[in-house]
Amino acid sequence: PHDTVDVVVVGSGGAGFSAAISATDNGAKVILIEKEPVIGGNAKLAAGGMNAAWTDQQKAKKITDSPELMFKDTMEGGRNINDPALVEILSSHSKDSVDWMTKMGADLTDVGMMGGASVNRAHRPTGGAGVGAHVVQVLYDNAVKRNIDLRMNTRGIEVLKDDKGTVKGILVKGMYKGYYWVKADAVILATGGFAKNNERVAKLDPSLKGFISTNQPGAVGDGLDVAENAGGALKDMKYIQAHPTLSVKGGVMVTEAVRGNGAILVNREGKRFVNEITTRDKASAAILAQTGKSAYLIFDDSVRKSLSKIDKYIGLGVAPSADTLVKLGKMEGIDGKALTETVARYNSLVSSGKDTDFERPNLPRALNEGNYYAIEVTPGVHHTMGGVMIDTKAEVVNAQKQVIPGLYGAGEVTGGVHGANRLGGNAISDIITFGRLAGEEAAKYSKKN
Ligand code: ADP
């Protein structure tokens, strides 16, 4: 059997759903396939926020930002090897993407700080609930509203081309139907990254061998093979990001927003050792340099109340608490006396408004309210910056930068947007903006063919 549509989208994360919705809204008939039995990919797990510049939500909070500043932060965070043309799209369309999501029913009114950002620009639901689960739910509801044909347990295997090299669809394998062709004028690859595939990760970056990962089971990179077999060039593959704070107790990723909202990082000796909201590569390296290759996120009830996600960590049992820092230190094997001094010192820096010890750029609140909490954390493989090369229309290109007609890519499967290091909050922004772009371009292309 086979099925014929205008556009087939591979992968049901944020990029795939955004692409499927935008292709549909641009008049295309779409099939969206997902190899796993659940939707949402890693996008669903994203906890930090959606970076966007100069939005109504920022204005309401009197935060001054600009696409130029977001561009600069993103390039610096990526060590300037990002593709500037793609970063330009990311920054200048970030506000449209927040508006697009809001119009579809998303709540992105809370705006917080993430590592490497000059200002608060990580948009998330009020109360600080997980942004990814919310965004995926809104996208899913909107896909259902549009009657998009979503096929679960269906893996994209090989892009079909005619003898001129033009894309004609994709060979898929459904759990029940087996192998069949989905014929289409355009194929959008939105298959995510490969951080869960430690063999592949370690081959590219041996320092990450044996690391745990924050990713969902499907993030193994088979979509990259599909792209490469179709002639797409891969770039920046060796740049693989460790997320600095995975809970040692439970393996869950603790969002950067916990630090953004005020938590500090201390070692077993009870001392701070880094600007807590530096970029992920630097924070990870600093944690691995401490005794036991782990560190502790320390915060109080005022931080807990600022971010509802924290109650989830407490519920999971990974954030023990005590009414004094000395008791907390005793429970967790941290020098309690030093910890008490460290927090007092930190609080005095908060009152002075300047972190003269580690140059932390934001000091949102003192840590002196109610119970204190400690989450032991260590880095885990989180995001793969490299991937298939695309141009400014989200078209996949080959090593000579020639377009492969009818093949598009969006989201973590692509390389170039984040350079050598992705900033927290830029993934959700990336997948919505480039998913929309790929969907729109693929729909236009399909109409011409
Ligand atoms: P992004 O954030 O770029 O949208 P995600 O990780 O959220 O990426 O989503 C990618 C989705 O693609 C995941 O749900 C994953 O299971 C799915 N996927 C990966 N490879 C394939 C494939 N070959 N066929 C179908 N779906 C795939």
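Okay, residues lined up against (1) of a type in the set (D, E, K, R); (2) over 28 Å from the mean Cα position of the chain (by Cα); (3) loosely packed, with under 13 Cβ neighbours inside 10 Å:
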residue	(1), (2), (3)
K282	yes, no, no
L297	no, no, no
S302	no, no, no
K309	yes, no, no
I314	no, no, no
G317	no, no, yes
D335	yes, yes, no
V343	no, yes, no
S348	no, yes, yes
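Here the condition is being of a type outside the set (K, R) and touching a Gly at 6+ places or on another chain (Cβ under 7 Å); of G353, G336, it holds for G336 alone. When S66 is tested against (1) surrounded by fewer than 24 Cβ atoms within 10 Å (Cβ to Cβ); (2) modelled with pLDDT under 95, just one condition goes unmet, and that condition is (2). Residues that are farther than 24 Å from S294 by Cα and in contact (Cβ under 8 Å) with a residue 12 or more places away in the chain within the range 349-365 comprise L349, V350, S351, P364, R365, listed in sequence order.
State whether the residues of the range 224-235 include one that is within 15 Å of the ligand (Cβ to nearest atom), within 26 Å of A47 (Cβ to Cβ), under 21 Å from the mean Cα position of the chain (by Cα) and not hydroxyl-bearing (S, T, Y). Checked the range 224-235: at least one residue is within 15 Å of the ligand (Cβ to nearest atom), within 26 Å of A47 (Cβ to Cβ), under 21 Å from the mean Cα position of the chain (by Cα) and not hydroxyl-bearing (S, T, Y).
Results for (1) within 16 Å of the ligand (Cβ to nearest atom); (2) among the basic types (K, R); (3) out of contact with any Lys or Arg (no Cβ under 9 Å at 6 or more places or on another chain), shown as yes or no for each residue.
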{"site": "M113", "(1), (2), (3)": "no, no, no"}
{"site": "H123", "(1), (2), (3)": "no, no, yes"}
{"site": "V136", "(1), (2), (3)": "yes, no, no"}
{"site": "K145", "(1), (2), (3)": "no, yes, yes"}
{"site": "T166", "(1), (2), (3)": "no, no, yes"}
{"site": "V172", "(1), (2), (3)": "yes, no, no"}
{"site": "G178", "(1), (2), (3)": "yes, no, yes"}
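Residues of the range 151-173 being assigned to a loop (DSSP other than H, G, I, E, B) and not hydroxyl-bearing (S, T, Y), which ones? M152, N153, D162, D163, K164, G165, listed by residue number. Among the residues making up the range 414-425, a single one is polar (S, T, N, Q) and within 16 Å of the ligand (Cβ to nearest atom): T414.
The condition (being of a type in the set (G, A, S) and crowded, with 17+ Cβ neighbours inside 10 Å) is satisfied by just one residue among G178, G105, G130, G165: G130. Please indicate, with yes or no, whether at least one residue in the range 138-157 is of a type in the set (G, A, S) and at pLDDT below 95. No, because not a single residue in the range 138-157 is of a type in the set (G, A, S) and at pLDDT below 95. Only helices (runs of 4 or more DSSP H) whose full extent lies in the range 1-107 are considered here, and the ones with at least 1 residues that are farther than 24 Å from K401 by Cα, within 15 Å of the ligand (Cβ to nearest atom) and in contact with a strand residue (DSSP E or B) (Cβ under 7 Å, 6 or more places away or on another chain) are 14-25.
The values are calculated or read from the model by the stated rules, or taken from the named source; none is laboratory data. Just so it is clear, the model here is predicted, and its values are computed rather than measured. Here the Cβ is made from the backbone with ideal geometry for all residues, glycine too, and neighbour counts use every protein chain on show.
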